[in-house]
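Peer 1: The structure under discussion is supplied below as structure tokens; questions concerning it will follow.
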Amino acid sequence: MKNRIFSVFTQIMEYIIKYFKLTVCFAVILIVLSGVYRVESSQTAVVLRFGRLTGVTPEKQVKKPGLHFAFPFFIDKVIKIPVYVIQEREITVHYKPDGSVVSPDIEENGYVLTGDKNVVLIRAKIKYQINDAVRFTLFNSDAGVMIDGIISGELTCIAAHSNVDSILTSGRAQLSQDVMRNSQKIIDDLKLGVLVSGVELTEITAPAETIRYFEEVRNASVFKATSFQRAQEYASTRILGAQAAAGALKQTAVTEQAERLTKARGEMAQFNGLYDQYARNPQIIMSGTFRQRVGEVLKKAGKSIVVPAGTETPVFLLP
């Protein structure tokens, strides 16, 4: 009986040892396969071995898209970074959630002060891309929070040197460009491994208590710009009309001058010719000229006139 029990026990132990070996082999295979990882087309990856970056050169430190192999998870840690993706973050530090009443608690309200001592609420969106996977992963505990702080600080600083009318209207694009340029400089100095591709001011508004007054100012500015444009168009039309009229008058004057000069020269030539004849025979010229002029008068008068000759025989002049 004891031998039989011992035999059964021996068989059970053999089965346990056999399946234990299979389990261990299967576990080893799983552990080995756990080191195989895939990097997507929009990613790169870095491998930390016992917390230390692997690879002796930057090219070997960063793993390109594709299949790669690392040691098991308790030895190597694979960190994937979306370097080929444009990422976005909302900056709502300077915009109260309900956008209504201004509170004296700046942490609760989040407004900014402008250079002309006005209050404005700003909501922004930043677009950025990771351009240094190693620095972004290893040297920044929370890059997103740091980026939010940098953008927020630059918004506050630049708005403090601008007037509210400029921020709400024509200076909006310039404010966005200045924030992006200054923020990128700070990010580069801090070596965050991030490239800012755009800062969009999605909403800039005045507090509810002052919106009506800002709208009045904005409408007045629009009316001023429209009136100025209309005045310029009217002035251009009047100037063009005046220039055209002046050109026509000048041309008419030039033409009339030429006609009068031609007529005067003709009359002068006629007079000079008549004078030469008069110098040679004054009596004949006087009589002929007199008759010519009087004949012209009679034609205009339309009736006969008798002109005494100073003698007993009268002289009759007919039209």
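Peer 1: Name the residues in the range 124-141 that are farther than 22 Å from Thr54 by Cα and either surrounded by fewer than 17 Cβ atoms within 10 Å (Cβ to Cβ) or among the charged types (D, E, K, R) (or both), would you?
Peer 2: Residues of the range 124-141 farther than 22 Å from Thr54 by Cα: 124-129.
Answer for the range 124-141, where residues must be farther than 22 Å from Thr54 by Cα and either surrounded by fewer than 17 Cβ atoms within 10 Å (Cβ to Cβ) or among the charged types (D, E, K, R) (or both): Lys125, Lys127, Gln129.
Peer 1: Working carefully through the options Gln283, Gln277, Gln232, Gln257, find the one that is touching a helix residue (DSSP H, G or I) at 6+ places or on another chain (Cβ under 7 Å) and either over 30 Å from Glu88 (Cα atoms) or part of a helix (DSSP H, G or I) (or both).
Peer 2: On the way: Gln283 fails: touching a helix residue (DSSP H, G or I) at 6+ places or on another chain (Cβ under 7 Å); Gln232 fails: touching a helix residue (DSSP H, G or I) at 6+ places or on another chain (Cβ under 7 Å); Gln257 fails: touching a helix residue (DSSP H, G or I) at 6+ places or on another chain (Cβ under 7 Å).
Result of the check over Gln283, Gln277, Gln232, Gln257: Gln277.
Peer 1: Output the number of the condition that Asp188 fails; it satisfies all remaining conditions of (1) buried (at least 20 other Cβ atoms within 10 Å of the Cβ); (2) more than 25 Å from the chain's Cα centre (by Cα); (3) in a helix (DSSP H, G or I).
Peer 2: (1)
Peer 1: When you check Gly35 against the structure, is it modelled with pLDDT of 70 or more and either within 45 Å of the chain's Cα centre (by Cα) or among the charged types (D, E, K, R) (or both), yes or no?
Peer 2: On the way: modelled with pLDDT of 70 or more: yes; either within 45 Å of the chain's Cα centre (by Cα) or among the charged types (D, E, K, R) (or both): no.
So Gly35 does not fit the description; no.
Peer 1: Still on this structure: Would you be able to tell me the number of residues in the range 151-179 that are in contact (Cβ under 8 Å) with a residue 40 or more places away in the chain and of a type outside the set (Gly, Ala, Ser)?
Peer 2: Selection size over the range 151-179: 11.
Peer 1: Across the range 142-185, which residue is surrounded by the most Cβ atoms within 10 Å (Cβ to Cβ) among those that are aliphatic (A, V, I, L, M) and under 27 Å from Ile79 (Cα atoms)? Give the steps one after another, and end with the answer.
Peer 2: Quick first cut of the range 142-185, residues aliphatic (A, V, I, L, M) only: 143, 145-147, 150-151, 155, 158-160, 164, 167-168, 173, 175, 179-180.
Going one step further and asking which of them are under 27 Å from Ile79 (Cα atoms), we end up with 143, 145-147, 150-151.
Values: Ala143: 19, Val145: 11, Met146: 16, Ile147: 23, Ile150: 23, Ile151: 26.
The qualifying residue surrounded by the most Cβ atoms within 10 Å (Cβ to Cβ) is Ile151.
The values are calculated or read from the model by the stated rules, or taken from the named source; none is laboratory data. Model, not experiment: these values are computed from the prediction. As a convention, Cβ positions derive from the backbone with ideal geometry for all residues, glycine included, and neighbour counts pool all protein chains shown.
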